[in-house]
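Read the structure below first, then the notes.
Readers should treat all values here as calculations from the given coordinates under stated rules, not as data from a laboratory. Predicted model only: the values in this text are computed from it and were never measured. Ideal geometry is used to build each Cβ from the backbone, glycine not excepted, and the neighbour counts take in all protein chains shown.
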Amino acid sequence: MRKILHFIMLTCLSLTAFAIDFTENHHLLFIFSSHCPHCHNQAPILKACAQNKHFKIEAYSLDNQGLPDFPDAQIPADDLLMTAFSGQSIQTPAIFMVNSETLALYPLAIGEVGFEELEQRIQDLSSKIITFENGGVSWKEN
C-alpha cells in the first residue's frame with residue numbers, strides 16, 4: 001500500500017512540474033473586440049481557466065478598448081492577425097496557445113467556449129504541442 005501511495009505522489013509531483021515547465025514556455029493569446037458580447041462572456045472564463053492551469057495571457061483588442069478582465073489589452077500588429085487567422089476573416093473571441101520562444105501559434109478556440117471545454121482543449125492541445133515540439137508528428141495529426 002505504501003508503495004502505491006508513493007508512486008501516486010511521485011506521479012502527481014512530476015505532472016505538476018511538467019505542467020509548470022510547459023507554462024513557462026507557452027502562454028495564451030486572446031484576441032477580442034470590446035463590442036462583441038461573446039468576447040465579454042469568454043474573458044472571465046479564459047481568465048479563470050488560465051489561472052487554474054497557470055498560463056499567462058497576452059490580450060489584444062481589435063478596437064483598442066479593453067474588457068473588464070483585460071483592461072490593458074494591446075492593439076495587435078497586422079502580421080500577428082495575418083499569422084493567427086491565416087489570411088482568413090478575423091473572428092472573435094479567438095484564443096491561441098503560443099510557444100513563447102518560437103512564437104508558433106496554435107489555435108485553441110474561435111468563438112465562445114465554456115470553462116470545462118476550454119480546460120479540456122488546453123489539456124488536449126498541450127499534449128499535441130509537446131509531441132510536435134519534441135519531434136513527433138504534426139500537432140494537427142496527433
Report summary line: Once ASN134 and GLN91 are pulled to full extension, the length gained, defined as 0.36 nm per residue separation minus their Cα-Cα distance, is 12.4 nm
Query raised in the report: Between MET82 and PHE115, what is the spin-label point distance in nm, taking each point 7 Å from the Cα along the Cα→C-beta axis?
Result: 4.0
**Report entry** Qualifying GluC sites (Glu not before Pro) for the stretch 75-132 [loop in DSSP, other Cβ within 10 Å: at most 11]
**Finding:** GLU101
Query raised in the report: Between LEU105 and GLN123, what length comes free when the chain is fully extended (0.36 nm per residue of separation minus the Cα-Cα distance, one decimal in nm)?
Result: 4.9 nm
